[in-house]
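Before any comments, here is the structure.
The values are calculated or read from the model by the stated rules, or taken from the named source; none is laboratory data. Note that the structure is predicted; figures quoted are calculated from it, not measured. FYI the Cβ positions are ideal-geometry reconstructions off the backbone, even for glycines, and counts take in every protein chain you see. These accessible areas exclude ligands, DNA and RNA; they are computed on the full protein's heavy atoms, side chains included. Shrake-Rupley method; radii C 1.70, N 1.55, O 1.52, S 1.80 Å.
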Amino acid sequence: MNNFRLYDAGKGNRLKGDDGDCQVRALHTASGLTYSAAWDSLYALQGKYRTNGFNLCYYLDRGFASRRKLLFPAQKGKPRMTAAEFVRQYPKGSFILKQANHVVAVEEGIVYDNFDSTQRCVYEAWEIDPLISTHKS
């Protein structure tokens, strides 16, 4: 089962020197917003306080675009949740996953990222509200 698609929404769209745009890419992919609209939305929320990237997880925790939050804490003697295992357990819907120093979008059981992050641990996930999400076909 191929649960990863190479997709760089920021290619040709990101500002020079703004390579750490995973939060914008994840919001764009999971919500259906254009890359520019996702960037503008995060900038409107965080604006001049944006010093080292956006803080998408902070806004998702407060209900921005999210429907529910799932937690995946470490459990002694058990393997951590990975993005690959996440899509096996949650094959339907749109999600944003928090990984170590990274966020990634999942859409209908497929991880969309500009590198294969399927084996990275997942700490938290937010289901994106289906009213704003437009699924890829």
State whether one or more residues within the range 3-18 are at pLDDT 85 or above, loosely packed, with under 11 Cβ neighbours inside 10 Å and either under 22 Å from ASP116 (Cα atoms) or in contact with a Pro (Cβ under 7 Å, 6 or more places away or on another chain) (or both). yes
Across the range 56-69, which residue is surrounded by the fewest Cβ atoms within 10 Å (Cβ to Cβ) among those that are assigned to a strand (DSSP E or B) and either under 13 Å from the mean Cα position of the chain (by Cα) or at positive phi (or both)? LYS69
Just the residues that are at pLDDT 95 or above and either in contact with a helix residue (DSSP H, G or I) (Cβ under 6 Å, 6 or more places away or on another chain) or of a type in the set (A, V, I, L, M) (or both), please, taken from the range 71-93. LEU71, MET81, ALA83, ALA84, VAL87
Subset of the range 74-87, residues out of contact with any Gly (no Cβ under 7 Å at 6 or more places or on another chain) and either in contact (Cβ under 8 Å) with a residue 12 or more places away in the chain or surrounded by 15 or more Cβ atoms within 10 Å (Cβ to Cβ) (or both), comes to ARG80, MET81, THR82, ALA83, ALA84, GLU85, PHE86
Of (1) touching a strand residue (DSSP E or B) at 6+ places or on another chain (Cβ under 9 Å); (2) surrounded by 16 or more Cβ atoms within 10 Å (Cβ to Cβ); (3) touching a residue at least 40 places away in the same chain (Cβ under 8 Å), LEU33 satisfies all except one. Which? (1)
Go through the range 104-127 and give me each residue that's part of a strand (DSSP E or B) and open to solvent by less than 10 Å² (accessible area, probe 1.4 Å). VAL104, ALA105, VAL106, GLU107, VAL111, ASP113, ALA125, TRP126
